[in-house]
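The values are calculated or read from the model by the stated rules, or taken from the named source; none is laboratory data. What you are looking at is a predicted structure, and each value in this text was computed from that prediction instead of being measured.
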Amino acid sequence: MRHGRRRVLSLAAAPCSLSWLLTVVATSVRMMCITAFLGGFCCSILTMLSQSSKFVLFFKIT
């Protein structure tokens, strides 16, 4: 692996933080919906990355 798990998860956490910041400054319902979608998308990416790293680690051990 070229990049470590910590580095990839840290980079993937940046858009999630951005979606929360945009939620705080949202001025309309439309912007709230967009930031909610963006936050959900980013959380799914973080979940996928964290699960895949456990999967890879499991197969490296066995």
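Looking for something among the hydrophobic types (A, V, I, L, M, F, W, C) and more than 13 Å from the chain's Cα centre (by Cα) - is there at least one such residue anywhere in the stretch 7-22?
yes
What number of residues in the stretch 16-56 are at pLDDT 85 or above and either not in a helix (DSSP H, G or I) or not hydrophobic (A, V, I, L, M, F, W, C) (or both)?
Counting residues in the stretch 16-56 that are at pLDDT 85 or above and either not in a helix (DSSP H, G or I) or not hydrophobic (A, V, I, L, M, F, W, C) (or both) gives 11.
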